[in-house]
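Below you'll find the structure, written out as structure tokens, and then a few comments.
No lab work stands behind these numbers, since they all come straight from the coordinates. Since we're looking at a predicted model, the values are computed, not measured. So basically every Cβ, Gly included, is an ideal-geometry build from the backbone, and we count neighbours across all protein chains shown.
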Amino acid sequence: MVAEGRTHEGSTERRTALQDPWLVRWGLIIAAVGIVGVLVIVPIINVFYEALARGAGTYMQNLLADPDTRHAIMLTLTVAPVAVVLNVVFGKAAAWAITRYHFPGRTILTTLIDLPFSVSPVVAGLLFVLLFGLQGYFGPWLRAHHFQIIFATPGLILTTAFVTCPFVARELIPVMQAIGTEEEIAALSLGANGWQLFWRVTVPNMQWGLLYGVILCNARAMGEFGAVYVVSGHIAGKTDTMPLRVEKLLQEYNLPGAFALASLLTLLALATLIVKVGLARKMHSDAAKALQNTSEALRADVRATLKESA
């Protein structure tokens, strides 16, 4: 009892020693909340205030009456999903190759996946212009065969997919490394073919990481500006996405229209954030349930062992 009391007192003293003074704790909390409020909350509130300042009718008119704005909304809702699908295919293939095979250049491939994070989006857009523009490497061939990449929707999709390609792969790689290959080996030993292995074993195990990566990729794709600006030509009613249209409305001093469209982008971002938080809670809940089921199974095994030994 004395030893237990000393142990309890020692642990309490260690916890007290590791706690920061209240002034430090509250100072850090106030600083963090203040920074988030100034840099995030206040601008968001201002965007919605300016967008709705003249009433809901004017707000809807700014979004729907202008054909160029409507086209920008539809173009964004077309480019972003296609880019996400391309990144899902690439992310699955890259994660599978990196986590399941050892080959020369594996480290280089892992590093190249992060390249869009370190390269400016404007530089990425210029790269695609040099590749697919009229004076680029593939430009003459594309022109001769009547394909247009730059200043058209395919160019927007390619640049958006390039800028957002790390998100899905970077979410799947650690998930597949943590899962390991035991279940896949067991499925192969039971006679599963490649497609059955992929769809019935691998995909269910990485579904939460995949959904998380898709959400982040979609959010980044809808808000992309720099790379899209370079390859789009900024053609109203043809290649303007929502961020580009906001910038053009500001240049035209159409502040109500710019804030209305910016508020729509903000709503999409908030919706993405809500889905992301919901998925995170679901993942933690599933992990807690799995841990609880495992512990209950271990307790049942221990009880069965004790009964047999008795």
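Okay, here's what the table says:
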quantity: Whole-number D in µm² s⁻¹ for the stretch 147-215, Kirkwood Cα-pair radius fed into Stokes-Einstein, 10 °C, 1.306 mPa s; calculated: 112 µm²/s
quantity: Packing-based exposure ordering (other Cβ within 10 Å, fewest first) of V168, V129, V42; calculated: V42, V129, V168
quantity: T58 paired with K289, simple spin-label distance in nm, labels 7 Å along Cα-to-beta-carbon; calculated: 5.0 nm
quantity: Lys, Arg +1 and Asp, Glu -1 on Cβ, resulting dipole of the chain about Cα centre, debye, nearest 20; calculated: 200 debye
quantity: Burial order of peptide ranges 62-69, 153-160, 138-145 (average beta-carbon count within 10 Å, highest first); calculated: 153-160, 62-69, 138-145
quantity: Taking F167, F151 and counting other C-beta atoms within 10 Å, the order from fewest to most; calculated: F151, F167
quantity: Qualifying lysines (Cα of each under 24 Å from Cα of K248; at least 8 residues distant if same chain); calculated: K238
quantity: FRET efficiency, 1/(1 + (r/R0)^6) with R0 35 Å, evaluated for F90 and V277 via beta carbons; calculated: 0.85
quantity: Ranking of M176, M60 by count of other Cβ atoms within 10 Å, fewest first; calculated: M60, M176
quantity: Calculated FRET value between T107 and Q177, using beta carbons and R₀ = 22 Å, to 0.05; calculated: 0.95
quantity: Backbone N under 14 Å from the L131 label point (7 Å along Cα→Cβ), restricted to the stretch 73-112; calculated: 87
quantity: Alpha carbon centroid spacing (whole Å) that separates the stretch 215-262 from the stretch 138-210; calculated: 27 Å
quantity: Rg to Rh quotient for the stretch 181-289, alpha carbon positions, Kirkwood Rh; calculated: 1.22
quantity: Kirkwood Rh (inverse of mean 1/r, distinct Cα pairs), the chain, angstrom; calculated: 23.9 Å
quantity: MRE, 222 nm, helices only [DSSP H, n ≥ 4, -39500 (n - 2.57), over the chain, to nearest 500]; calculated: -25500 deg cm²/dmol
quantity: Within the stretch 36-132, chymotrypsin sites (Phe, Trp or Tyr not before Pro) in DSSP loop having at most 11 other beta-carbon neighbours inside 10 Å; calculated: Y101
quantity: Protection proxy ranking, peptides 23-34, 220-231, average beta carbon neighbours within 10 Å, highest first; calculated: 220-231, 23-34
